[in-house]
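Peer 1: One structure, pasted below without further comment.
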Amino acid sequence: MHNLKRIRERLRVTQQVLADGIGCTQGNIGHYERGQTVPPSVAAKLIAFAAERGLPIGYDHIYGAAQLPELPSALCGAHADGEGVHA
């Protein structure tokens, strides 16, 4: 099991913004959120994308049970693209 949806929601981005940020399609994100295995190469891109947005995560946050860190309050909703969370 992975935590892609929880990570995306913590980042406060849409599936499309996440897809654009990690180089895949919105459909891929939807499949991953419904249980399709997230390939390690995609997980690495997700880790980098999250770090760019102020959320330090690792493989244990994606694939394991590690608790997600909070997004610093100064960064909450302060993204240049102005995107909020949408499924």
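Laboratory data are not the source of any read-out in this text; all were calculated from the coordinates shown. Quick caveat: nothing in here was measured; it's all calculated off a predicted structure. Here the Cβ positions follow ideal geometry from the backbone for every residue, glycine too, while neighbour counts run over all protein chains shown.
Peer 1: Need one number: nm distance between label points at A48 and E9, each 7 Å from Cα along Cα→Cβ, rounded to one decimal.
Peer 2: 2.8
Peer 1: Need one number: nm distance between label points at Y59 and T37, each 7 Å from Cα along Cα→Cβ, rounded to one decimal.
Peer 2: It is 1.3 nm.
Peer 1: Same structure, new question: How high is the FRET efficiency between Q16 and Q67 when r is their beta carbon distance and R₀ equals 41 Å, given to the nearest 0.05?
Peer 2: According to the calculation, E is roughly 0.95.
Peer 1: Also: If we sort 9-21, 26-38 on the protection proxy, mean other Cβ atoms within 10 Å, highest first, what's the order?
Peer 2: 9-21, 26-38
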